[in-house]
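One structure below.
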Amino acid sequence: MRILPVLCALLLLMLQGVTGLSPARASAQDCERRGGFCSHRSCPPGIGRIGLCSEQEFCCRMRWYP
């Protein structure tokens, strides 16, 4: 029974690399496909952040977008 916590920790470390659990980097085309646009450093007031276009660009979209 002492090995069970070690196995659980090892399993969690392995799952961190799975694409569904790690933050995904999107491109400008992916952002536009989601109905958004890329904005440098921050989104304008009243616009929500829905992802990333690059390290310094956020994918932004109107909050009431259908």
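Can you tell me which residue within region 39-66, out of those that are open to solvent by 100 Å² or more (accessible area, probe 1.4 Å) and charged (D, E, K, R), is nearest to Ser27 (Cα to Cα)?
Residues of region 39-66 open to solvent by 100 Å² or more (accessible area, probe 1.4 Å): 40-41, 45, 49, 55-56, 63-66.
Remaining after also requiring charged (D, E, K, R): 41, 49, 55, 63.
On the way: Arg41: 15, Arg49: 14, Glu55: 11, Arg63: 20 Å.
Out of the qualifying residues, it is Glu55.
Quick one: count up the residues across region 4-28 that are within 28 Å of Gln56 (Cα to Cα) and either surrounded by fewer than 10 Cβ atoms within 10 Å (Cβ to Cβ) or at pLDDT below 70 (or both).
Within region 4-28, residues that are within 28 Å of Gln56 (Cα to Cα) and either surrounded by fewer than 10 Cβ atoms within 10 Å (Cβ to Cβ) or at pLDDT below 70 (or both) number 13.
The values are calculated or read from the model by the stated rules, or taken from the named source; none is laboratory data. A quick note: this is a predicted structure, and the numbers were derived from the prediction, not measured. All Cβ positions, glycine included, derive from the backbone under ideal geometry; neighbour counts span all protein chains shown. For accessibility, only protein heavy atoms count, side chains too; no ligands or nucleic acids. Shrake-Rupley method; radii C 1.70, N 1.55, O 1.52, S 1.80 Å.
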